[in-house]
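**Q** Let me begin by handing over the structure; questions about it come next.
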Amino acid sequence: MGALVTIQGTATPLVDEELEQKQERLFTHLKRLGRVIVAYSGGTDSAYLAWAAHQTLGDEAVAITADSASIPASHKRAAEDFAAVSGFRHEYISTHEFENPDYVKNDKNRCFHCKDELFTRLQKYAAQSGHQHIVYGVNLDDLSDYRPGQQAAKLHDVEAPLADARLSKAEIRELSRRAGLSIWDRPAS
């Protein structure tokens, strides 16, 4: 049995072995998917997912960031910098959520419309590039929150490998730290 480690934000200490098994489940899941597009905001979760996809799939994985007026240039630069340091393929795709009056209303479903636009664009990219799956960085903790973007993901058959591997945000931060990735202080993705 592995040593006990305490991960900030968890109620009980985790055994190293359990955490390693969850990461291995993630890697196995990504390998099964084959060519993937990672919806990559540059936040903690999507950054770790992009790194994991690159570790398991190499250039068969591409991290794509929305090129949108709703995303600050500083966030785009941070996403680019992390991708460059981590060595994974990174591209941009133009999104036009501001053309949708439902997004501009800025109501509680704004996230749905933003993700719907992103996933629509990513599906078109996938069809042209031969990528079989789109994945995004929803984790286990996110499943208990009200997140309209998750409905958009279901609508577009976008997968959530971090949640499927039963990884919490705290565990993702710990695995990121262990991998030498300096992403645990980034905004949520």
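The values are calculated or read from the model by the stated rules, or taken from the named source; none is laboratory data. Fair warning: this is a prediction, and the values are worked out from it, not measured in the lab. Virtual Cβ from ideal backbone geometry, glycine too; neighbours counted across all protein chains shown. For the accessible areas, the whole protein counts, side chains as well, though only heavy atoms, and no ligand, DNA or RNA atoms are used. Shrake-Rupley method; radii C 1.70, N 1.55, O 1.52, S 1.80 Å.
**Q** Return the calculated 222 nm mean residue ellipticity for the chain, to the nearest 500 deg cm²/dmol, obtained by summing -39500 (n - 2.57) across DSSP H runs with n ≥ 4 and dividing by the residue count.
**A** Details: 8 runs with 92 residues, N = 189.
Counting only the DSSP helices, I get -15000 deg cm²/dmol.
**Q** Another question about this same structure. Can you pull the accessible area of R177 for me, 1.4 Å probe, Å² to the nearest 10?
**A** Approximately 120 Å² for this residue.
**Q** Roughly to the nearest percent, how much of the accessible area of the range 43-129 is carbon and sulfur, given a 1.4 Å probe?
**A** Values: 2030 of 4180 Å².
For the range 43-129, the apolar C and S fraction of the accessible surface comes to 48 percent.
**Q** Which loop-located trypsin sites (Lys or Arg not before Pro) does the range 89-151 contain, where loop means any DSSP state but H, G, I, E or B and the Cβ has at most 14 other Cβ atoms within 10 Å? List each step's numbers first, then the result.
**A** Values: sites: R89, K105, K108, R110, K115, R121, K124; in loops: R89, K105, K108.
Within the range 89-151, the qualifying trypsin sites (Lys or Arg not before Pro) (loop, at most 14 other Cβ atoms within 10 Å) are K105, K108.
**Q** Let me check the size of the range 69-119 from its C-alpha atoms; what are the radius of gyration and Dmax in Å?
**A** Both quantities, over Cα of the range 69-119: 13.3, 38 Å.
**Q** Now, a different point. Considering lysine pairs in the range 1-155 that are 8 or more places apart or on different chains, how many have Cα atoms under 28 Å apart?
**A** 20
**Q** Show me the helices of the chain, taken as full DSSP H stretches, that run 15 Å or more along their long axis by Cα and average 1.0 or above in Kyte-Doolittle hydropathy. Mind showing how you got there, number by number?
**A** Details: long enough: 16-33 (26 Å, -1.51); 44-57 (19 Å, 0.01); 73-86 (20 Å, -0.30); 110-129 (29 Å, -0.75).
Sorted by number, there is nothing, because no helix extends far enough and scores high enough.
**Q** Can you tell me the Rg and Dmax of the range 99-165, counting just the alpha carbons, in angstroms?
**A** Cα only, the range 99-165: 12.6, 36 Å (Rg, Dmax).
**Q** Let me ask something else. For H29, H75, what's the largest-to-smallest order of accessible area, 1.4 Å probe? List each step's numbers first, then the result.
**A** On the way: H29 25, H75 85 Å².
In descending accessible area the options line up as H75, H29.
**Q** Here's a follow-up. With the convex hull built on the Cα atoms of the chain, state its orientation-averaged projected area in nm².
**A** On the way: hull surface 42.0 nm².
Averaged projected area of the chain's Cα convex hull equals 10.5 nm².
**Q** A follow-up question, please. What are the principal axis extents of the Cα atoms in the range 132-180, in Å, biggest first?
**A** 34, 28, 14
**Q** Quick one: the Cα spread of the range 38-112 along its three principal axes, in angstroms, biggest first?
**A** 40, 21, 19
**Q** With every protein chain present, what is the per residue accessible area of the chain (1.4 Å probe, Å²)? Let's see the in-between values first.
**A** On the way: 9430 Å² over 189 residues.
Value returned for the chain: 50 Å² of accessible area per residue.
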